[in-house]
Every structure is written in C-alpha cells, then in structure tokens.
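The values are calculated or read from the model by the stated rules, or taken from the named source; none is laboratory data. What you see is a predicted model, and the numbers here were worked out from it, not measured in a lab. Quick reminder, even Gly has a Cβ in these numbers, built from the backbone with ideal geometry, and neighbours come from all protein chains shown. For the accessible areas, the whole protein counts, side chains as well, though only heavy atoms, and no ligand, DNA or RNA atoms are used. Shrake-Rupley method; radii C 1.70, N 1.55, O 1.52, S 1.80 Å.
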Number of protein chains: 2
Amino acid sequence: MPVQPAEHGSLAADWEPRGEADCRVRTIMDRVGDKWSVAVVTELTAGPRRFSELKRALPGINQRMLTSTLRVLERDGLVTRTVYPQVPPRVDYELTGLGRTLLDTVASLLDWAERNADGIDEARRRYDARG
Amino acid sequence: MPVQPAEHGSLAADWEPRGEADCRVRTIMDRVGDKWSVAVVTELTAGPRRFSELKRALPGINQRMLTSTLRVLERDGLVTRTVYPQVPPRVDYELTGLGRTLLDTVASLLDWAERNADGIDEARRRYDARG
DNA sequence: CAGCATCCGCTCAGATACTG
DNA sequence: CAGTATCTGAGCGGATGCTG
C-alpha cells in the first residue's frame, strides 16, 4: 500500500480477489504500520497544527514524508486541511471526529506496546542467545 | 524493520538515537503493519495449528513468508514452536499468553477498521472526485 | 511435511533541489 | 511558509528450487 498517492507508476489496483473486507481493512492497518501516520495523528491530539509545527514536532521526518502522510490522512477523512490565503501561506491540519476515534483505538495498542516492551526485549534476547 | 531475521546483509543496528522507547514501540507497531503477522495470530486464536494448516488457512501466503513471520512472532515471545520428532515431521505453533493479550488489543483495532471502512471509502471517493 | 537458499521486482522512504 | 519534482539505496515480499 503506497503512502504516496499515485507517485509514478503505482497501479494500485491489481489485488487478488480474497475477501473484499480484508482488502479495505488492510489499507487501514497499513496506516498504523507505516512510519509516520500514528506519530502525526498523535501530534494532532492537542489541537490544530501548522505544517511547520508538525515538522518541528517530529524530528527525523522530512517535507516529502510529512506532506504525503498528511495527504493520505486527509484523503481517508482522518484529518482536515485548512488553507489561509495569506502571504506567507499558512495551512492548518486538524483531526476529524473519525481521526479522534482512531487515535483512541491506537492509543490502547501503543499502551500495550509500552507495557510489554520489556518482556518482548527479554524474549528476543533469549531467542538470540540460543535457538 | 525487516520481517526476515538477518536475510543477507541486515545490519539491524544503525538507528538514529531518538527516544529509546520510541524505537522499541516501533518494532511492535511494525508487526501490526506487516502483511501477515496479524492474520497469523488471528488464525492461532482457536488453538495450536500445524505449519501446513496455517498455510492452507492463509490463502496467498507462501512458505517463505509464513516461516519468517512465525520466526519473528516466536522471537518476540508471542508464539511457541513445538517440534514433534517424527517422520514426516510435525511442528505446532501456539499463541503464548502475551500473544493472546496482543490479539485482544489488535482485535479492537480491526473492529474499528471494519466499522469505519465504509466511511473511509466514502471520504476517499470525495477526495478523489475533487481536491 | 516443514523448512532453507537464492534471485528479483517493486515501492517505501530519505536526500536534495526548486517554486508560488 | 508550504509545498512539488526527481533521484536513489534499501529491504519487503513473491517465486522457485532443493533438502532432511
């Protein structure tokens, strides 16, 4: 699932059939799995943010990734994009109601991850120590 | 985060610092995002499964992906692997307690995805219809 | 049956340069 | 400030062939 909406030659429509529902759910799970979506949504929890505020708040992201991540979130109806026609330009991003409910759900997953990070680390060390 | 454990030249240890916790959580979120982990874990809900049972239950997966997915889940302590020394060989995979708690958490995310799939589809159509 | 080993295409995501 | 355009390395994920 490309984060970029039609970057160069992205066909984006050659799935095998499988369950209809599966495919649709997959595109949503992919949002959780990709590198920045959750971080961006989390950053928007407190309220609207400008593009440059988000960029500053997310060390390691670059314009390209922030832009494409925001575009996908906007397309999915999770985030709204508001352009203020002024110079220099100002664009605000804000969570929609849908985006907020997603955040609630993801939050519990993040919680789980943080609570169990130690246990998983330990399991990995055991596994790596011997088969 | 590679699903393959050290495939060819995977260094696997050249992160930028960032928050320690962030990195560890990331490796867990990646499991949710990758193509097969959730499906495999879900398939194991009902009880232990043999390798070939899993393969049959997951149309589209191939041995390589099933094997590497199971290895990662095993390494993380989410799944146990039991080899029965017999001919032909038999290997059972089963969720651990940790794996089951992950499943609970992921289930609510899948729920969210299914409940909101229609809304997201509609948002996408609106977005694609005009900017 | 339950796997490794190998080859390879695709696209993700970073870096960099340019624009209204 | 808030993007777009382009190039590129890297690695995920699929296909195939072989083994104990």
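Observations on the structure shown:
- Residue within segment B:77-96 that is facing chain A (nearest Cβ under 8 Å), crowded, with 17+ Cβ neighbours inside 10 Å and not in a loop (DSSP other than H, G, I, E, B) present: no
- Some residue of segment B:19-41 being facing another protein chain (nearest Cβ under 8 Å) and either touching a Pro at 6+ places or on another chain (Cβ under 8 Å) or modelled with pLDDT under 50 (or both): no
- Positions within segment B:57-76 being near DNA strand C (Cβ under 9 Å from one of its atoms) and either buried (at least 16 other Cβ atoms within 10 Å of the Cβ) or in a helix (DSSP H, G or I) (or both), in sequence order: B:GLN63, B:ARG64, B:LEU66, B:THR67, B:SER68, B:LEU70, B:ARG71
- Close pairs from segment A:112-131: first within 8 Å of chain B (Cβ to nearest Cβ), partner among the charged types (D, E, K, R) and part of a helix (DSSP H, G or I), Cβ under 6 Å, at least 6 apart: A:ALA117/B:ARG24; A:ARG124/B:ARG75; A:TYR127/B:ARG75
- Inspection of segment B:49-62 identifies no residue that is more than 30 Å from A:THR80 (Cβ to Cβ), within 11 Å of DNA strand D (Cβ to nearest atom), of a type in the set (D, E, K, R) and out of contact with any strand residue (DSSP E or B) (no Cβ under 6 Å at 6 or more places or on another chain).
- Qualifying residue in segment A:47-57 (condition: among the acidic types (Asp, Glu) and more than 13 Å from every other protein chain (Cβ to nearest Cβ)): yes
- Scope segment B:97-110; condition facing chain A (nearest Cβ under 8 Å) and either open to solvent by 80 Å² or more (accessible area, probe 1.4 Å) or touching a residue at least 60 places away in the same chain (Cβ under 8 Å) (or both); matching residues: B:LEU102, B:VAL106, B:LEU109, B:LEU110
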